[in-house]
There are 4 protein chains.
Amino acid sequence: MTDRLVQPNDTALLLSRDHKRYLIRLLADGELHTHRGIIKHNDCIGGVWGREMKTHLGYPFLLLDPSTADLIQDIKRTTQIIFPKDVGYILLKLSIQPGVTVLEAGTGSGGLTLALARAAMPGGRVISYEVRPDMQNLARKNLDRVGLLDQVEFKLKDIAEGFDEDGVDAVFLDVPEPSNYLGVASRALRSGGYFGTLVPTTNQIQRLLDRMAEYPFGLIEVEELMLRGYKTVAQRLRPLDRMIGHTGYLLFARKFERAIIEDVPPEAPIASDDDLPDVG
Amino acid sequence: MTDRLVQPNDTALLLSRDHKRYLIRLLADGELHTHRGIIKHNDCIGGVWGREMKTHLGYPFLLLDPSTADLIQDIKRTTQIIFPKDVGYILLKLSIQPGVTVLEAGTGSGGLTLALARAAMPGGRVISYEVRPDMQNLARKNLDRVGLLDQVEFKLKDIAEGFDEDGVDAVFLDVPEPSNYLGVASRALRSGGYFGTLVPTTNQIQRLLDRMAEYPFGLIEVEELMLRGYKTVAQRLRPLDRMIGHTGYLLFARKFERAIIEDVPPEAPIASDDDLPDVG
Amino acid sequence: MTDRLVQPNDTALLLSRDHKRYLIRLLADGELHTHRGIIKHNDCIGGVWGREMKTHLGYPFLLLDPSTADLIQDIKRTTQIIFPKDVGYILLKLSIQPGVTVLEAGTGSGGLTLALARAAMPGGRVISYEVRPDMQNLARKNLDRVGLLDQVEFKLKDIAEGFDEDGVDAVFLDVPEPSNYLGVASRALRSGGYFGTLVPTTNQIQRLLDRMAEYPFGLIEVEELMLRGYKTVAQRLRPLDRMIGHTGYLLFARKFERAIIEDVPPEAPIASDDDLPDVG
Amino acid sequence: MTDRLVQPNDTALLLSRDHKRYLIRLLADGELHTHRGIIKHNDCIGGVWGREMKTHLGYPFLLLDPSTADLIQDIKRTTQIIFPKDVGYILLKLSIQPGVTVLEAGTGSGGLTLALARAAMPGGRVISYEVRPDMQNLARKNLDRVGLLDQVEFKLKDIAEGFDEDGVDAVFLDVPEPSNYLGVASRALRSGGYFGTLVPTTNQIQRLLDRMAEYPFGLIEVEELMLRGYKTVAQRLRPLDRMIGHTGYLLFARKFERAIIEDVPPEAPIASDDDLPDVG
């Protein structure tokens, strides 16, 4: 099989040896001005990915097609993004796959939006709500840069008034106080649909858990993922000195046809320790 | 929008209040024999997901369409599976999306295989190698049960002889000693392609790092994900007493056009601590 | 130097190959009845520690002098103990050393009590409050078994009425709701004294933080320690499959001469991320 | 009880609101020159701890007696120190208490040395070996500053030649390659004595485990402690954004009277998962 060559309009990631990263869309006759000199887009187009490109000053850059994780990490942002470690897990837990309809609020910088678009297409719908026009514009630019702008329906609207859609497969809330929108989310979801949210504080998780009982939600799970990186030296393998200590707490739930009283005593965990999957 | 109703051939998850889980394919006139009595498939078909079903003994079960995470977790298995927390991250790091071609070895019980199939379809190819006929049969059954059998090309072959394909977008190795197959993986990948593997021990990571320098791999990352669950009680929010302490170490890399000598001193990490993304 | 030999009244730990642990006090003519046969105390006395002892059935046991960590772990208990990983850190943070006076409430099974006694003696005082006579009796037995009973002053009293002492160096609270006793603890402490507590839930930490501002406490720190064990096999070094996911949140503070308004904005952490010690 | 007042020769910690820390020994007529002005020692002496002191420029500092954790953290150092989280656990696992004899190599900056001295005195002996005169001098200064210089026997000697002592209760190695000194450590220990070491890399742990079988060591444990700090804001309780990802792997063992062949199959963990203590 011959490798597919780099083409105009492809999204490219250019990496310098000093770990600077440039995420761009390649255009005929375009130029990338780096801290180490200029790279002409035409020199990239027509070759293979994984090549070394030199600036006009002779400084080498790697030319790569960015992974979904790269796209999320390198998005232009003014607010905290959702990290790839969390995005990957969210996609699996909300069962995002081609054909599903998923609502997101707020859009933010569009990091999760682009991952949802990649996972739900073709055949699905990603509808993303945001109240701040500047954030929505930023997200539009971010998705345009990676060729996914047409895959998302952007709405500039406060979800306090409710979502426009109903019967959707999944709702993800990334808003300052998601516990205020549980009714809104519940009404938009189909029976059996997936609910997810990410919040930074334990107080927000407590308010969510407190209010979820008012709505037909069940199978509630609260989890967090810690990512630990390692130094990649065979003779001195060890974790990196520093790590991200916290990104957020994840809460997942399913919408039921109607509220089902779970007959568990109030202090018993719904997901008990005994439910840990076998680990051979 | 009217909810899509449960139909014959749908994969269903039935959950009891005592946390037993039954993952089945619904067939006209089929019966599910649970530890609490019988549920007729016909009673499930035609209704909505998220309903409560009763066995002939009156015991209630929840009827749900399983998420990708559920499918992975509830797969029938004889060996250790890759956990959803790792699967979601692998899909993002290897950039699995509709249209890509990805090779996997070995197939194992098929947990990652089904996640790859869901993510690469339509338009992609998932080719899964396995040396043990019994494992391949188990994986086939697992994928058939969830309606994904036709989305995967199964091969019964030792990859020591090489993959049959080349120019592929991604290779994932889940074999006892992946460091033995770096040349094989490298030759199958397109320039710029994605390599990933998961191993339980630090010794295996050391051997991988030691040998990767012989092949045109770069941007090597070693990471692990720790998942911490919480008790879902608003007034007593706290982590679960026990957690999975370890599933495996993840190693990711990109294939370059040719070996590029990175001019870093031998003890310096390629991914330095300074590369931590902003956490504002 | 000749090894000190095992003597009557020594506390001994006897370990079987199947990981059963017996913590006993050696008495002339005493007998230990194990699940694998009988060991005579006289056979232990007069030899060295670190020996293999055989039961009358020929089953081997290791004879060891227990470490402080062993004593804590093997204490007879009816409630959750404080784990060695937390005890060691508490001793350092509260600066427990020979000569200090420290108050503890409640006594519980006496695990922390015995560690405090070992660390504060000679010259110090450990005063331990408890409201339940059965718990106090259990703790007395536990401390007697390890020869530390005389080092602790036990009080059967509800600290809601206040501690009897003042000007003490350190107070540690291990009670259901420590936020109710901040005034009591504050009044007992000398200026500059150390306060510590351990609670299982985030809600309790929130209530503590909320109420500490009413008292002359400062330099407040909230931390948790996660202990990860590894399989001790050189060729397959890896973490254990399962770990303790949570024991509790630790809160430490110092008592000031008077309430000092710290001029930090309300959302800024008192211990900021920038304070991380160098890890060169 | 009247609070003990600050006296000449006391070690004091002075903390500014912008988190600068000054660890000093108070001397009659001494002066502390801070980044915010001068504090006269005489103004500190005779008052209580926990007071606010003002510089000649009116800038406030807190006057505190440092905890053992503070002393370790604020030690003057040219190399990586052992963190308080690890020190506290080491003291418990090695059972350091008044009266024991403990050997340490190397001395380094003296952080662990001072914690050992505080824990083993009175009645014990702390003997600390170092090969670099500059490091030993630094450690001497650090212990002098906190009044513990007389409690430690410093030796300038390479332990490759062996320790001068035998029959000691505990040996702790903090050297570049502790696996080279297992025989030396073993010969110095009494039967039943405690061995501990801390290393940064997995490779070092593997070499230790590989060679320990040649010596009469048993009950080997490999562990690591992860410390997670929280923002101390009641309404927004959450972990700090960043944490120390790694300080080192701890290995503990006991010396047996003679090598005891443990009849476990080579791949079985000596400390099995089943040994996790109860967590109620």
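The values are calculated or read from the model by the stated rules, or taken from the named source; none is laboratory data. Quantities reported herein were computed from a predicted structural model and do not represent experimental measurements. Every residue, glycine as well, gets a Cβ built from its backbone with ideal geometry; the counts of neighbours run over all protein chains shown.
Taken over the stretch B:109-160, the residue count meeting the criterion of being among the small types (Gly, Ala, Ser), buried (at least 22 other Cβ atoms within 10 Å of the Cβ) and in a helix (DSSP H, G or I) is 6. Looking at the stretch B:173-248, the strands (runs of 3 or more DSSP E) lying wholly inside it that each contain 2 or more residues that are among the acidic types (Asp, Glu) sit at B:217-231. Can you tell me which residue within the stretch D:61-86, out of those that are farther than 20 Å from D:His41 by Cα and more than 12 Å from the chain's Cα centre (by Cα), is surrounded by the most Cβ atoms within 10 Å (Cβ to Cβ)? If we take residues in the stretch D:61-86 being farther than 20 Å from D:His41 by Cα and more than 12 Å from the chain's Cα centre (by Cα), then D:Arg77 is surrounded by the most Cβ atoms within 10 Å (Cβ to Cβ).
The single condition among (1) under 22 Å from D:Leu114 (Cβ atoms); (2) aliphatic (A, V, I, L, M); (3) at pLDDT below 95 that C:Ile75 does not satisfy is (1). The number of residues in the stretch C:25-34 that are closer than 21 Å to C:Leu148 by Cα and either assigned to a loop (DSSP other than H, G, I, E, B) or within 14 Å of another protein chain (Cβ to nearest Cβ) (or both) comes to 4.
Given the condition part of a strand (DSSP E or B), within 9 Å of chain A (Cβ to nearest Cβ), modelled with pLDDT of 95 or more and within 30 Å of A:Phe252 (Cβ to Cβ), answer yes or no: does some residue in the stretch B:254-269 qualify? No, because not a single residue in the stretch B:254-269 is part of a strand (DSSP E or B), within 9 Å of chain A (Cβ to nearest Cβ), modelled with pLDDT of 95 or more and within 30 Å of A:Phe252 (Cβ to Cβ). Looking across A:Asp18, A:Asp29, one residue alone is outside the structural domain of A:Asp174 (by TED's automatic domain parsing) and on the phi > 0 side of the Ramachandran plot. It is A:Asp29. Are any of the residues in the stretch D:60-78 facing chain C (nearest Cβ under 8 Å) and β-branched (Val, Ile, Thr)? Yes, some residue in the stretch D:60-78 is facing chain C (nearest Cβ under 8 Å) and β-branched (Val, Ile, Thr).
Please indicate, with yes or no, whether at least one residue in the stretch A:10-24 is under 21 Å from A:Leu148 (Cα atoms), among the β-branched types (Val, Ile, Thr) and not in a loop (DSSP other than H, G, I, E, B). Taking every residue of the stretch A:10-24 in turn, at least one turns out to be under 21 Å from A:Leu148 (Cα atoms), among the β-branched types (Val, Ile, Thr) and not in a loop (DSSP other than H, G, I, E, B). Would you confirm whether or not the stretch A:146-166 contains a residue that is touching an Asp or Glu at 6+ places or on another chain (Cβ under 9 Å), among the polar types (S, T, N, Q) and in contact (Cβ under 8 Å) with a residue 24 or more places away in the chain? Scanning the stretch A:146-166, I find no residue that is touching an Asp or Glu at 6+ places or on another chain (Cβ under 9 Å), among the polar types (S, T, N, Q) and in contact (Cβ under 8 Å) with a residue 24 or more places away in the chain, so the answer is no.
Among the residues making up the stretch B:37-51, those that are closer than 20 Å to A:Glu257 by Cβ and of a type outside the set (S, T, N, Q) are B:Ile39, B:Lys40, B:His41, B:Asp43, B:Cys44, B:Ile45, B:Gly46, B:Gly47, B:Val48, B:Trp49, B:Gly50, B:Arg51. Annotation: of all residues in the stretch B:79-113 being farther than 18 Å from A:Leu148 by Cα and among the hydroxyl-bearing types (Ser, Thr, Tyr), the one that is nearest to the other protein chains (Cβ to nearest Cβ) is B:Tyr89.
Residues in the stretch B:203-245 that are closer than 17 Å to A:Arg228 by Cα and touching a Lys or Arg at 6+ places or on another chain (Cβ under 6 Å) were compared, and the one that is farthest from the other protein chains (Cβ to nearest Cβ) is B:Leu219.
Conditions (1) under 16 Å from C:Phe217 (Cα atoms); (2) more than 24 Å from the chain's Cα centre (by Cα); (3) modelled with pLDDT of 95 or more, marked per residue:
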residue	(1), (2), (3)
D:His19	no, no, no
D:Leu23	no, no, no
D:Arg36	no, yes, no
D:His41	no, yes, yes
D:Glu52	yes, yes, no
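Tallying residues that are within 25 Å of D:Asp65 (Cα to Cα) and either more than 12 Å from chain D (Cβ to nearest Cβ) or surrounded by 20 or more Cβ atoms within 10 Å (Cβ to Cβ) (or both) within the stretch C:161-177 yields 8.
Scanning the stretch B:214-252 for residues that are touching a residue at least 12 places away in the same chain (Cβ under 8 Å) and over 24 Å from B:Val87 (Cα atoms) returns B:Glu214, B:Tyr215, B:Pro216.
Filtered by the rule that a residue be out of contact with any helix residue (DSSP H, G or I) (no Cβ under 6 Å at 6 or more places or on another chain) and more than 8 Å from every other protein chain (Cβ to nearest Cβ), the stretch A:182-194 gives A:Gly183, A:Ala185, A:Ser186, A:Arg187, A:Ala188, A:Leu189. Only one of the listed residues (B:Gly37, B:Gly50) is surrounded by 16 or more Cβ atoms within 10 Å (Cβ to Cβ), more than 19 Å from B:Leu148 (Cα to Cα) and in contact with a Ser or Thr (Cβ under 8 Å, 6 or more places away or on another chain). That residue is B:Gly50.
Filtered by the rule that a residue be under 23 Å from A:Leu112 (Cα atoms), in contact with a strand residue (DSSP E or B) (Cβ under 9 Å, 6 or more places away or on another chain) and surrounded by fewer than 21 Cβ atoms within 10 Å (Cβ to Cβ), the stretch A:185-215 gives A:Ser186, A:Pro200, A:Thr201. The selection criterion, being within 14 Å of another protein chain (Cβ to nearest Cβ) and either among the aliphatic types (A, V, I, L, M) or in contact (Cβ under 8 Å) with a residue 60 or more places away in the chain (or both), does not hold for A:Ala139.
For the stretch D:47-59, filtering for residues that are at the interface with chain C (Cβ under 8 Å from one of its Cβ atoms) and in a loop (DSSP other than H, G, I, E, B) leaves 3. Scanning the stretch A:60-76 for residues that are of a type in the set (Gly, Ala, Ser) and either in contact (Cβ under 8 Å) with a residue 24 or more places away in the chain or more than 19 Å from A:Val48 (Cα to Cα) (or both) yields one hit, A:Ala69.
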